[in-house]
Each structure stands twice: as C-alpha cells, then as structure tokens.
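Enquirer: Next up is a structure, given as structure tokens.
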Amino acid sequence: MQPTKLIKLIRTISMVTLFAGISGSAMANTQQYDVKFKTVPDVGLTPLTAIDFGSGMKLNSGSVCTMQVANATGAFYPGNSRLKIASGAADAEGATYGELAGTGCSYTTLTGTPGVYQITGVPGSTVKITLQSVSGTSFDFAPAGCASNYDGSSDGDSCTALLTDTQASVVLATSGDTVGNSAGSGTITSGSSIIVVGGDVTSNINFTTSQLYTETYTIDVTY
C-alpha cells in the first residue's frame, strides 16, 4: 500500500508544477506607459506705477521721510478702485494717500507717488510676497504697503499689510471675484492681485540740490 500512496503524491506535485508553468507562460505581458504632468505657469509681476518720492527730501544726511500707505480704510488707504477689490463697501482713496511725512521731508504736505504693481498667476492660488529693504549708497529704503487678497466670491476682499522684509500671503482672484460686487468696487482680472508700495527713505549722504537719486529694491513673489 505504501508504494501506491507515494506514486499518487508524486503525480499530484508534478501536475501542480506543470500547470504553474503553463499559466506563467501564457499570461506574461509587459507594456510601457507614459506618465506626465504640467507645471504651473510662472508668477508674473508687472509695474503699473513707479514709486517716486518727488522733491520731498531734505538735503542733510540721516533725514527720514515716509510715504504713507495703509491697508485699511482711512486717510492713507489706496482705495478699492486702485486695489481692484470688492470689500462690500465703496471704500474710496484716503485724503492723504501717498502723503510724505516725517522730519526728513522738505514739506509735510507734499504727496509722493506710491508704487503700484500687478501680480499674475494661477487663479485662486496663494502667493507669498516679500518687500525687500535696500541699503544703498545714497539712501536706504524700507518698503511697506499692502496687497489685494481675494475670497473667490463677490465682495469680501481685503488688502493684506506688507511689512519690510516680512513674508505675507495673499490669494489671487478667480472668476468668482469678478462678478456680483457692490458699487464702488474695483474690477480685477482672474489670476491677479495688486500691490501698492510706500515706505521710508533714509538719506546716507548730504544730498545735492536739484539732483535725482535712485536705488533699486526687490519685490519677491513666489507660489
């Protein structure tokens, strides 16, 4: 009886091995497929109005003059129209927006020209903004201002404060920000935001009369 059982066992193992070999040979198949994706487009920054302190500085070294720009409604507010936002109210430009003030200003009532810049990128995306300070040969500049921040629907937008050398985040407009807004609102393009910049100028030299002085500063915008 023992030899019979041994033969049956051997046959069973042989059949399993045979079927396994046939199955592996018949079902084998190798294919190659592509994997792809598209990166987001570059974030863009376009100057709309150049910042200009005009003839507002005194001649002596160490003079400090501030161009006033505020992120909330009031005397130094850029206005919803300039910021291209809809806050739910017709918030107009402040009476002293861009005014030059400080002990280093030649005239306390003189108004400068704040810088205005437009960000473009992916609608609804968050971008990070940093206004970088400048230590120049003739003067230092500490930029400050605000950037329009969108909520993706009618009204509800705001202007986020931008402090010197400090990163801030805002959301770019979507198509939902372009419709159904209250009267007196600004009109934005989907995928955009507006930056308004003022700040402090500190002279490092004794200025010469009727001389134009220029330094370069950086606005850093990233996703």
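Enquirer: State whether segment 84-160 is rounded, prolate or oblate according to the following rule on the C-alpha gyration tensor (a ≥ b ≥ c being the square roots of its eigenvalues): a/c under 1.5 gives rounded; otherwise a/b larger than b/c gives prolate, and the remaining case gives oblate.
Expert: It is oblate, given that a/c is not under 1.5 and a/b is not larger than b/c.
Enquirer: Any chance you could give the angle, 0 to 90 degrees and rounded to 10, that helix 2-27 forms with the longest Cα principal axis of the chain?
Expert: Approximately 40 degrees, to the nearest 10.
Enquirer: Which Cα, out of Met67, Ser190, Ala147, lies furthest along the positive dipole direction of the chain (beta carbon charges, K/R +1, D/E -1)?
Expert: Working it through, the farthest residue towards the positive pole turns out to be Ser190.
Enquirer: Mind giving me the FRET efficiency for Ala183 and Gln32? R0 is 41 Å, r the Cβ-Cβ distance, nearest 0.05 is fine.
Expert: Calculated transfer efficiency: 0.10.
Enquirer: Here's another thing I want to ask about it. Run the helix sum for the chain: -39,500 (n - 2.57) per DSSP H stretch of 4+ residues, divided by residue count, reported at 222 nm to the nearest 500 deg cm²/dmol.
Expert: -4500 deg cm²/dmol
Enquirer: A further question on this structure: Modelling each spin label as a point 7 Å along the Cα-to-Cβ direction, I'd like the Ala75/Ala90 distance in nm, to one decimal.
Expert: Output for this residue pair reads 2.5 nm.
Enquirer: So if I average 1/r over every pair of distinct C-alpha atoms in segment 66-223 and take the inverse, what Kirkwood radius in Å does that give?
Expert: Computed over Cα pairs of segment 66-223, the Kirkwood hydrodynamic radius comes out at 16.2 Å.
We did not get these values from a lab; they are worked out from the coordinates using the rules stated. Computed from a predicted model, the values in this text were never measured in an experiment. Note: ideal-geometry Cβ built from the backbone for every residue, glycine included; neighbour counts use all protein chains shown.
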